[in-house]
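Participant: Right, I'll just put the structure down here and ask away after.
The values are calculated or read from the model by the stated rules, or taken from the named source; none is laboratory data. On a predicted model such as this, the values are computed, not experimentally measured, just so you know. A quick note on method: Cβ atoms are made from the backbone with ideal geometry, for glycine too, and the neighbour counts reach across all protein chains shown. For the accessible areas, the whole protein counts, side chains as well, though only heavy atoms, and no ligand, DNA or RNA atoms are used. Shrake-Rupley method; radii C 1.70, N 1.55, O 1.52, S 1.80 Å.
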Amino acid sequence: MFTLSQREEFEQEIKRSRFLAIALPVADEDAAKEFISRESYSDANHNCWAWRIGQNYRFNDDGEPSGTAGKPILQAIDGLELDNVVVLVTRWFGGTLLGSGGLIRAYGGTAALCLRAAELIELIPTETIYIRTHFSELALIKARLAATEHLTISSEAFHNTGADLRLEIPVAHKENVLRMLTDVTAGRVQIADKAEDLSF
């Protein structure tokens, strides 16, 4: 699975109607909704959109005939096997009716051209874990974690005796990382699925 590395825009004119597609990588449904709200043009005739986040998806025709806008946009996303993506296609009507088939091609085609122009990055499934370690072992742990591809330390909080780290670990490397953490600290590191489960 792939997603976009960054925002992408594509614009074209079809029978005097202007179509503008904006695509964005998103982490969740709230981010998709916020993007649609922020990027919709109040002076446009239609702001049609679709998003896919894992098994969840939504699409909207915004006043165009049912099935002629939002669904073709979603099909453009799915056709390229993308995930965590929202696409908004805005139309300024130019006076010529396109008909159902023309609308499907216009919305789906504009979305697809936008997505094809975008730089893609591979989506690596990750799991979040929390660890608590003493200051004396922190530098060694961070050096070892840095050697694991696609692993990120998403937050770090210090306390009297050490630090709490939130890790996003690629699922494929999770067992090896947990074993490494236990080995380099001789079992002193605390590992938990939730931050509140950590305690000294």
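Participant: Over the range 77-200, what relative contact order in percent results from Cα pairs under 8 Å that are six or more residues apart?
Facilitator: Relative CO of the range 77-200 lands at 26 percent.
Participant: Once the Cα gyration tensor of the range 97-185 is found, what semi-axes does its equivalent ellipsoid get, as square roots of 5 times the eigenvalues, in whole Å, sorted largest first? Mind dumping the intermediate values first?
Facilitator: Values: eigenvalues 424, 36, 20 Å².
Taking √(5λ) for each Cα gyration eigenvalue gives 46, 13, 10 Å.
Participant: Kindly write out, for the range 123-133 in residue order, the coupling ³J(HN,Hα) from the Karplus curve 6.51 cos²θ - 1.76 cosθ + 1.60 (θ = phi - 60°), rounded to whole Hz, with x marking Gly and Pro.
Facilitator: My calculation for the range 123-133 gives 8, 9, x, 10, 10, 9, 9, 10, 10, 10, 9 Hz in order.
Participant: Can I ask one more? Using Cα pairs under 8 angstrom and six or more residues apart, how large is the relative contact order of the range 26-113, in percent?
Facilitator: Normalised by residue count, the contact order of the range 26-113 is 33 percent.
Participant: Also, I was wondering about something else. In a shell of Cβ-Cβ distance under 14 Å around K174, excluding K174 itself, what net charge do Lys and Arg (+1) and Asp and Glu (-1) give?
Facilitator: Working: positive: R179; negative: E127, E149, E168, E175, D193.
Overall, the nearby charge balance is -4.
Participant: Quick one: Karplus J couplings for the range 44-58, per residue in order, coefficients 6.51, -1.76, 1.60, θ = phi - 60°, nearest Hz, x for Gly and Pro?
Facilitator: 8, 7, 8, 10, 9, 8, 7, 9, 9, 9, x, 7, 8, 8, 8
Participant: Carbon and sulfur: what percent of the chain's accessible surface (1.4 Å probe)? All intermediate terms of the calculation are to be shown ahead of the outcome.
Facilitator: Values: 5130 of 10650 Å².
Carbon and sulfur together cover 48 percent of it.
Participant: Let me ask something else about it. By average Cβ neighbour count within 10 Å, what is the ranking of 6-16, 29-39 from highest down?
Facilitator: Numbers: 6-16: 13.9, 29-39: 15.5.
Going by the mean number of other Cβ atoms within 10 Å, highest first, we get 29-39, 6-16.
Participant: What is the sum of charges around A146, taking Lys and Arg as +1, Asp and Glu as -1, for the other residues whose C-beta is under 14 Å from the C-beta of A146?
Facilitator: Values: positive: K142, R144; negative: E149, E156, E168.
Net of charged neighbours comes to -1.
Participant: Averaged per residue, what accessible surface does the chain expose to a 1.4 Å probe, in Å²? Write out the running numbers ahead of the final one.
Facilitator: Details: 10650 Å² over 200 residues.
Accessible area per residue, the chain: 53 Å².
Participant: Using the reciprocal of the averaged 1/r over all distinct C-alpha pairs, how large is the Kirkwood radius of the range 1-139 in Å? Write down the numbers at each step before the final one.
Facilitator: Details: mean 1/r = 0.0634 Å⁻¹.
After inverting the mean inverse Cα-Cα distance, the result is 15.8 Å.
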